Amino acid sequence: MNLQDVDILLVEDSPDDADLALHALRKEKLSNNIFIAHDGEEALEFIFCRGTFAGRTFDHPPKLVLLDLKLPKIDGMQVLKAIKSDARTKAIPVVILTSSKEERDLISGYDLGVNSFIQKPVDFEQFRETVKRVGLYWMVTNQPPVKSYSDATHAALLTT
């Protein structure tokens with residue numbers, strides 16, 4: 001896989017949940033290029049093109065990040081905060097896909113700029129269907145900007 005052309009970054013430490021999500025996305029042919037980050041640190045290295053992923057560039061961000069909250073090393077909220085607070089990455093759609101039922105997680109996620117917050121269904125078929133619907137919306141229905149611009153660049157384009 002060419003790491004420059006990743007469509008979906010799946011940030012998931014549970015091998016079972018990662019396998020279910022991959023199965024659902026591939027069965028529906030929603031993405032050929034899915035990269036799995038197994039912890040928050042790996043996700044941030046991938047997104048910000050550093051460490052193991054220093055050869056990547058910001059020219060080809062993932063089209064979608066599916067983000068678990070309870071991750072080793074760096075938790076999902078910290079990953080979300082880093083993505084949404086950087087002008088280079090804030091336009092990347094992030095969907096929290098978590099088993100958390102905590103109201104504070106929901107509120108914190110939206111306060112930090114998450115695009116969607118979905119509680120993982122326990123049932124296998126419901127989980128598969130949920131991932132399929134999320135994938136269909138973000139990979140097919142949603143219309144992202146052709147290229148994300150910083151606020152300053154966007155303002156300059158509007159005035160010319």
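Looking only at residues that are in a helix (DSSP H, G or I) and surrounded by 14 or more Cβ atoms within 10 Å (Cβ to Cβ) in the stretch 134-160, which one is modelled with the highest pLDDT? Step by step, filter the stretch 134-160, then rank; the result is 134.
Among the residues of the stretch 18-71, those identified as modelled with pLDDT of 85 or more and at positive phi are 49, 51. For the stretch 84-104, filtering for residues that are within 24 Å of residue 126 (Cβ to Cβ) and assigned to a loop (DSSP other than H, G, I, E, B) leaves 5.
Among the residues of the stretch 110-127, those that are open to solvent by 30 Å² or more (accessible area, probe 1.4 Å), part of a helix (DSSP H, G or I) and over 28 Å from residue 60 (Cβ atoms) comprise 111, 124, 125, 126. Within the stretch 76-83, not a single residue is assigned to a loop (DSSP other than H, G, I, E, B) and closer than 29 Å to residue 126 by Cα. Residue by residue through the stretch 84-109, note down the ones that are over 18 Å from residue 139 (Cβ atoms), surrounded by 14 or more Cβ atoms within 10 Å (Cβ to Cβ) and not polar (S, T, N, Q). The answer is 84, 86, 88, 90, 105, 106, 109.
From the list 57, 52, the one residue that fits, being exposed (fewer than 14 other Cβ atoms within 10 Å of the Cβ) and assigned to a helix (DSSP H, G or I), is 52.
The values are calculated or read from the model by the stated rules, or taken from the named source; none is laboratory data. Note that the coordinates shown come from a computational prediction; the quantities given were computed from them, not determined experimentally. Note that we place each Cβ from the backbone using ideal geometry, even for glycine, and neighbour counts take in every protein chain shown. The accessibility values were calculated without ligands, DNA or RNA, using every heavy atom of the protein model including side chains. Shrake-Rupley method; radii C 1.70, N 1.55, O 1.52, S 1.80 Å.
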